[in-house]
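The values are calculated or read from the model by the stated rules, or taken from the named source; none is laboratory data. Keep in mind that this is a model prediction, so the values were computed, not measured. Cβ placement follows ideal geometry from the backbone for every residue including glycine, while neighbour counts extend to all protein chains displayed.
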Amino acid sequence: MGGQRLSANTMAPSPEASVLSGAIGLIQTTRVGLDGRYRQVIPSGLLTWTSELSVGEDASDTVLTQLHQLDYLHGSRQWGLSAQFRQFYQDFSNNSSLHSDIPSNTSDTSLSAEATWYFRNDVGNSNLQWIKLNVEWQLARQQGEPFVLSTLQYYQYW
């Protein structure tokens with residue numbers, strides 16, 4: 001994948017990448033990645049392991065991302081649990097001699113856990129309705145201090 005994307009402080013680009021992006025905030029982006037999924041039926045439900053890995057560049061910064069997730073869906077299809085590890089790593093070393101204001105931490109890393117209660121969850125996934133509690137523990141941040149985020153989500157699809 002390649003192209004340009006808007007960067008409105010989503011991640012901390014290096015100073016050189018900020019200069020290259022200009023006033024509009026366009027970042028030249030390339031990514032190559034691999035996604036995999038393994039699903040296993042177990043006596044009480046369904047386990048799914050998902051991994052997504054990518055490498056690329058944002059302007060002149062090397063970027064690596066990884067996401068690993070384990071999902072459990074109970075056989076009743078009424079509730080599920082998930083655990084996720086996510087990391088975004090950005091290498092500022094190409095620009096360290098040019099600027100002194102490079103972030104001290106080069107990755108955003110977090111662990112999260114989710115519990116989902118399904119009101120509707122048909123096998124064909126054409127009629128879904130759920131409420132989900134998510135807790136994310138931020139282990140490292142490019143900017144600012146790590147903290148814990150909790151969200152409650154409602155979703156309906158028909």
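Give 71, 58 a once-over and let me know the one that is of a type outside the set (Val, Ile, Thr) and either within 15 Å of residue 106 (Cα to Cα) or in contact with a Pro (Cβ under 6 Å, 6 or more places away or on another chain) (or both).
58
Can you find, within segment 8-49, the residue that is modelled with the lowest pLDDT among those that are part of a helix (DSSP H, G or I) and farther than 19 Å from residue 107 by Cβ?
Going through the qualifying residues, I end up with 21.
Return the residues of segment 65-83 that are more than 13 Å from residue 130 (Cβ to Cβ) and among the aromatic types (Phe, Trp, Tyr); say none if nothing qualifies.
Matches in segment 65-83: 72 only.
For segment 44-51, state whether one or more residues are touching a strand residue (DSSP E or B) at 6+ places or on another chain (Cβ under 8 Å), over 16 Å from residue 86 (Cβ atoms) and touching a residue at least 40 places away in the same chain (Cβ under 8 Å).
no
Give me the residue from segment 128-158 that is of a type in the set (S, T, N, Q) and surrounded by 13 or more Cβ atoms within 10 Å (Cβ to Cβ) and, out of that set, farthest from residue 76 (Cα to Cα).
142
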